[in-house]
Amino acid sequence: MPGGPNDTSCISGAQVWALGAAVGRELVWGLRKVLHEVERWQARAARIPDARIREDALTALDHKRSNTEGAALFWIIPTRRCPRLLNLLVAYEIMADFLDSAIERGAHVGIENGRQLHLALVDAVDIERPTSDYYRHHPWKDDGGYLPRLVAACRYGCTTLPSYWLVRPLLMRAAALAQVQGLNHELDLQLRDHVLRAWAAQQCDPEDGLGWYEKAGAASAWLTVLALMAVAAESTLSSSYALEVYLAYFPWISLTATLLDSYGDIVEDRLKQENSYIAHYGSLETAVWRIGEVMRRATLEARLLDNGDRHCVILAAMIAMYLSKDSSRTSEMQLTSRKLLRSGDSLARLL
């Protein structure tokens, strides 16, 4: 019915309220706090002894700032403001973006380097797990404690979340899935597809109706980790709600993010021979149709969650961000970008 949970054609009053509350929380408290945290980590990154690691850390902080602000938006999910949650979200995103840059620079070493570095994603959310030697296979090693400090900051942030222990098993599962990012920069294209296909076959439900590249794509976004951190900040939380959030974000909301990101980078990825999830669809027309289908499913999953209006605001902001990128608004991409936007929630079109 119009305005019901299955209707994405109109904006509900609850969504407008959630959007207003999100904007207020971000403008009054969030953006200033995010800026402070980014500057704090920039100061630490600037002191990294190894020039290459220092460059990767500073470049990630500078060029991927929109990712950090997007991660901070998950701060709007809990009913009450939780400054320590905001610190945790920012630290985890900064760490993940740094790892992506470091692995790309060291791609010639092989996928074992990516796997080893990405152990930090799991160490950061499992406070009982021994930390790893992240640079074991990396050509450059002296980061002055930068990555261990990020891991430690995340672990401390997790201990401050009231419902951490309830959410911990799902957090660990989501972070383990995100380790697939360590495989995405393999330089041999055939080997890359082979290891990703094998990973998908081992890690995911074969009956979920997703292609292997869609499973890998959904896992490569760590949005599920951020969402679970946010719900763990609630003092009263049911395990069923935590599982529902996990299943909404993995695969549907996370896959939406990965496909839209890949859509915006399609030309650059082709030139650089980077991993492109879009390319596996065979044609841009097929890819746009499938992305639209995934977006609609993600929107429905978000709306069906308890407190779903806040999850819808995050999803809509994400869709609007990706489709507002310059690369998605070129003359060649305008028509398909508009078609994709029509597949999303009305809130995304408004934003």
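The values are calculated or read from the model by the stated rules, or taken from the named source; none is laboratory data. Bear in mind the structure is a predicted one, so any value in this text is a computation, not a measurement. Note: ideal-geometry Cβ built from the backbone for every residue, glycine included; neighbour counts use all protein chains shown. The accessibility values were calculated without ligands, DNA or RNA, using every heavy atom of the protein model including side chains. Shrake-Rupley method; radii C 1.70, N 1.55, O 1.52, S 1.80 Å.
Tabulated values for the structure
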quantity	calculated
Verdict on Ala218 being closer than 26 Å to Asn67 by Cα, in contact with a helix residue (DSSP H, G or I) (Cβ under 6 Å, 6 or more places away or on another chain) and open to solvent by 10 Å² or more (accessible area, probe 1.4 Å)	no
Matching residues, segment 315-341, being under 22 Å from Ala72 (Cα atoms), in a helix (DSSP H, G or I) and open to solvent by 10 Å² or more (accessible area, probe 1.4 Å)	Ala317, Met318, Ala320, Met321, Tyr322, Leu323
Residue list for segment 150-173, filter: touching a residue at least 40 places away in the same chain (Cβ under 8 Å), in a helix (DSSP H, G or I) and among the small types (Gly, Ala, Ser)	Ala153, Gly157
Every residue from segment 52-69 that is open to solvent by 30 Å² or more (accessible area, probe 1.4 Å), part of a helix (DSSP H, G or I) and either at positive phi or not hydrophobic (A, V, I, L, M, F, W, C) (or both)	Arg52, Arg54, Glu55, Thr59, Asp62, His63, Arg65, Ser66, Asn67, Glu69
Within segment 221-232, tally of residues that are at pLDDT 95 or above and either outside any helix (DSSP H, G or I) or open to solvent by 10 Å² or more (accessible area, probe 1.4 Å) (or both)	1
Scope segment 282-308; condition within 18 Å of Leu226 (Cβ to Cβ) and among the charged types (D, E, K, R); matching residues	Glu301, Asp306
Any hit, segment 239-249, residues being buried (at least 24 other Cβ atoms within 10 Å of the Cβ), among the aromatic types (Phe, Trp, Tyr), under 21 Å from Ala178 (Cα atoms) and modelled with pLDDT of 95 or more	yes
Residue in segment 106-128 that is surrounded by fewer than 21 Cβ atoms within 10 Å (Cβ to Cβ), modelled with pLDDT of 95 or more and outside any loop (DSSP other than H, G, I, E, B) present	yes
Selection within segment 175-188 - more than 14 Å from the chain's Cα centre (by Cα) and either open to solvent by less than 30 Å² (accessible area, probe 1.4 Å) or β-branched (Val, Ile, Thr) (or both)	Gly182, Leu183, Asn184, His185, Glu186
Meets criteria (of a type in the set (A, V, I, L, M), open to solvent by 10 Å² or more (accessible area, probe 1.4 Å) and at pLDDT 95 or above) for Leu191	no
Unmet criterion (only one of (1) buried (at least 19 other Cβ atoms within 10 Å of the Cβ); (2) in contact with a Lys or Arg (Cβ under 9 Å, 6 or more places away or on another chain)) for Tyr156	(1)
